[in-house]
Amino acid sequence: LASCLVGSGKTTLLKRVLHEAHGQKIAVIENEFGEENIDTDILRTETKEQIVQMSNGCICCTIREDLRETLQLLAAKRRKGLVEFDRIVIETTGLADPGPVAQTFFMDDEIAETYLLDSIITLVDAKHANKQLDDRQEARRQVGFADQIFLSKTDLVSAAETDALTHRLKHMNPRAPIR
């Protein structure tokens with residue numbers, strides 16, 4: 001599950017993960033209200049269900065219904081041999097509360113039997129994080145739910161500002177490593 005503060009670069013990170021030669025087929029569930037969609041130049045086919053097969057074997061799916069329904073649809077298609085994937089990345093918007101998304105994996109028996117929530121990654125824009133953390137409860141929740149935090153755009157701020165932000169993030173979530 002990738003939750004990110006607005007403008008932090010999650011789509012850029014996701015594109016990089018999809019292009020890496022890691023040997024895994026990744027299904028991406030992308031929130032349709034995202035600021036930018038995955039590049040269409042790497043897409044191979046598109047179906048009516050908004051599930052897109054990419055040229056490297058990964059698939060992208062736009063959430064149009066409930067997340068639970070989307071996960072069930074992907075699981076059913078995988079069982080029928082219509083899609084193949086090793087893991088799913090759920091890309092949420094910068095304004096999303098990760099709690100209800102994560103809760104889907106624990107509260108629904110069918111989803112819990114099919115999927116394992118492996119990680120909640122939050123990407124934090126070092127230049128704009130302090131204002132977003134001050135102003136937006138969702139931003140604070142994203143940091144609090146994360147089990148990994150990645151700082152982006154550190155080249156746009158001083159080392160002292162990065163250190164201060166890192167200290168703030170560690171205070172908000174002492175268990176999540178920050179990279």
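A short reminder: the numbers here are calculations on the coordinates, not readings from a lab. Bear in mind that the values here come from a model prediction, so they are computed numbers and not experimental data. Note that each Cβ is placed from the backbone with ideal geometry, even for glycine, and that neighbours are counted across all protein chains shown.
Tabulated values for the structure
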quantity: Set K25/K77; K131/K153; K25/K127 screened for pairs whose C-alpha atoms are more than 26 Å apart; calculated: K25/K127
quantity: Highest average packing first - 135-145, 111-121, 158-168, Cβ atoms within 10 Å; calculated: 135-145, 111-121, 158-168
